[in-house]
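**Student:** Let me give you the structure first, and then I'll get to my questions.
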């Protein structure tokens, strides 16, 4: 497997980022740091914030919420998606609901969850689930249309029970769709959790953002926002890529 | 699946009587006849073959026997598959035109999938997997993944999977038709070896008369549109057989002639 080849687009990409950083740095010289901090100034701040152990428990709190929300909306979304794929009447029952949920404004869910669940842990979680699971279901439902009937027939001839049909025949075929759904789910849910924390539970990274917003400290908002974004990118790259590679190892085994 | 477990069936494993299958035409909604009063039977330990042109409905018949397509009794006819055991449902093994393996499972786990689905005791899995992989010439491939194997080897795994459940009836639907001729030829020889070692009961579909004559104990010849059996013959040549055996060769020539005369007559009839 080629894993570390330099793509042709890489050099222009790096140049673009460097140029943007320079422009940003130059622009920041015309403002006070609390309004528009430059990248050099931010790095100092990030180091300062992350040398305080209390910051990690704030991040951990947020990560836990993202993880719980992600797991729940993947479970719910995948189950509904698969059911829609294999049960015609469930499909016609659900597909208009999915459309309604997809078009309903996300911010309304955030506020409704706070009103219904108050400041409990359930508010950000419910917001994530309601906004994200329809995307997951759509993806999986799409995937069920590509299921190979031939394999289902084979499993039927050998009298596979429903559970092993699901585990060994259907879900492995859906794995590419499950992974792409999980990517979308992660990128949506961490942003939603931050909003939920800002307006609802008042803890975690979201609370830090709203706190520094109220203090009109753009530099501190960027410190928390950017560093958390980097963390999410790393999680996506490391955890998901490795997991995906492991899951699809059977495809890459080239022997003989 | 029709599963009559009466004991008066003697040596018969599959018994099809006057089976008729109609499909509604998707355009007009009118019903047309795919299988027209098919009768055939397969005796225990025998190799029966159905030969007919492509698209004549042979696969439909096999799928009905396997229980993945339905047969409406009101269309006419009966279908019985008998089990050796008096308590268990008959075990059906099926080798399709393509291997239909679960590519994400190892060779061994593909076989275990069938063994487990059939409710075969876990203690027997290891032994069955090793025995039948060896029989199809794939010893040592237990932990390999199907995509690492050639098309012919994948089909061998499918055959091993079907044999491993020690089926009452092994259905084979043109299992070598997707392989190149040299591989297919080798597979036919190896299948004959398997017949002599394991003595399974087989119903084998093909459009290749030479293949049928080389392998089968008896041959049902099927015409098309609708599918009817117009002749049944026995191949009375002991195994191991050789394709260049004059008896085999002459029989094949005779059957080819007969086939064409029937098909030509049918074409004339159709105008």
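The values are calculated or read from the model by the stated rules, or taken from the named source; none is laboratory data. Fair warning: this is a prediction, and the values are worked out from it, not measured in the lab. Cβ placement follows ideal geometry from the backbone for every residue including glycine, while neighbour counts extend to all protein chains displayed.
**Student:** Filter region A:212-256 down to the residues that are in contact (Cβ under 8 Å) with a residue 12 or more places away in the chain, outside any helix (DSSP H, G or I) and away from chain B (no Cβ under 14 Å) and list them by number.
**Tutor:** If the condition is that a residue be in contact (Cβ under 8 Å) with a residue 12 or more places away in the chain, outside any helix (DSSP H, G or I) and away from chain B (no Cβ under 14 Å), then A:216, A:217 are the ones that fit.
**Student:** I'd like to know if region A:97-109 contains one or more residues that are in a helix (DSSP H, G or I), free of Cβ contacts under 8 Å to residues at least 12 places away in the same chain and surrounded by 13 or more Cβ atoms within 10 Å (Cβ to Cβ).
**Tutor:** There is no residue in region A:97-109 that is in a helix (DSSP H, G or I), free of Cβ contacts under 8 Å to residues at least 12 places away in the same chain and surrounded by 13 or more Cβ atoms within 10 Å (Cβ to Cβ).
**Student:** If you don't mind, another one. Within the bounds of region B:131-140, is there any residue that is in contact with a strand residue (DSSP E or B) (Cβ under 8 Å, 6 or more places away or on another chain) and at pLDDT 95 or above?
**Tutor:** Looking for residues that are in contact with a strand residue (DSSP E or B) (Cβ under 8 Å, 6 or more places away or on another chain) and at pLDDT 95 or above, one finds none in region B:131-140, hence no.
Residue-wise test of (1) buried (at least 18 other Cβ atoms within 10 Å of the Cβ); (2) farther than 20 Å from residue A:244 by Cβ; (3) within 16 Å of the chain's Cα centre (by Cα).
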{"residue": "A:146", "(1), (2), (3)": "no, no, no"}
{"residue": "A:161", "(1), (2), (3)": "no, yes, no"}
{"residue": "A:180", "(1), (2), (3)": "no, no, yes"}
{"residue": "A:204", "(1), (2), (3)": "yes, yes, no"}
{"residue": "A:213", "(1), (2), (3)": "no, yes, no"}
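**Student:** Residue A:224: surrounded by 21 or more Cβ atoms within 10 Å (Cβ to Cβ) and under 30 Å from residue A:115 (Cα atoms), yes or no?
**Tutor:** Yes.
Results for (1) within 25 Å of residue A:147 (Cβ to Cβ); (2) within 10 Å of chain A (Cβ to nearest Cβ), shown as yes or no for each residue.
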{"residue": "B:60", "(1), (2)": "yes, no"}
{"residue": "B:64", "(1), (2)": "yes, no"}
{"residue": "B:74", "(1), (2)": "no, no"}
{"residue": "B:81", "(1), (2)": "no, no"}
{"residue": "B:101", "(1), (2)": "yes, yes"}
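**Student:** Touching a helix residue (DSSP H, G or I) at 6+ places or on another chain (Cβ under 7 Å) and assigned to a loop (DSSP other than H, G, I, E, B): is that true of residue B:89 in this structure?
**Tutor:** No, not satisfied.
**Student:** Identify, from the list B:42, B:16, B:81, the residue that is in contact (Cβ under 8 Å) with a residue 60 or more places away in the chain, buried (at least 19 other Cβ atoms within 10 Å of the Cβ) and farther than 22 Å from residue B:198 by Cβ.
**Tutor:** Every option except B:16 fails the conditions.
**Student:** For region B:90-99, what are the residues that are facing chain A (nearest Cβ under 8 Å) and surrounded by fewer than 19 Cβ atoms within 10 Å (Cβ to Cβ)?
**Tutor:** B:98
**Student:** What is the residue count in region B:70-86 for residues that are assigned to a loop (DSSP other than H, G, I, E, B) and touching a strand residue (DSSP E or B) at 6+ places or on another chain (Cβ under 7 Å)?
**Tutor:** Looking only at that region, the number is 4.
**Student:** Identify all residues within region A:163-178 that are crowded, with 18+ Cβ neighbours inside 10 Å, more than 10 Å from chain B (Cβ to nearest Cβ) and within 29 Å of residue B:90 (Cα to Cα); write none if there are none.
**Tutor:** A:170
**Student:** Does residue A:125 qualify as being part of a helix (DSSP H, G or I) and either within 14 Å of chain B (Cβ to nearest Cβ) or within 15 Å of the chain's Cα centre (by Cα) (or both)?
**Tutor:** yes
**Student:** A follow-up question, please. Among what's in region A:144-162 and is assigned to a helix (DSSP H, G or I) and out of contact with any helix residue (DSSP H, G or I) (no Cβ under 6 Å at 6 or more places or on another chain), pick the residue that is farthest from the other protein chains (Cβ to nearest Cβ).
**Tutor:** A:162
**Student:** In addition: In region B:126-141, which residue that is farther than 22 Å from residue B:97 by Cβ and more than 14 Å from chain A (Cβ to nearest Cβ) is surrounded by the most Cβ atoms within 10 Å (Cβ to Cβ)?
**Tutor:** B:129
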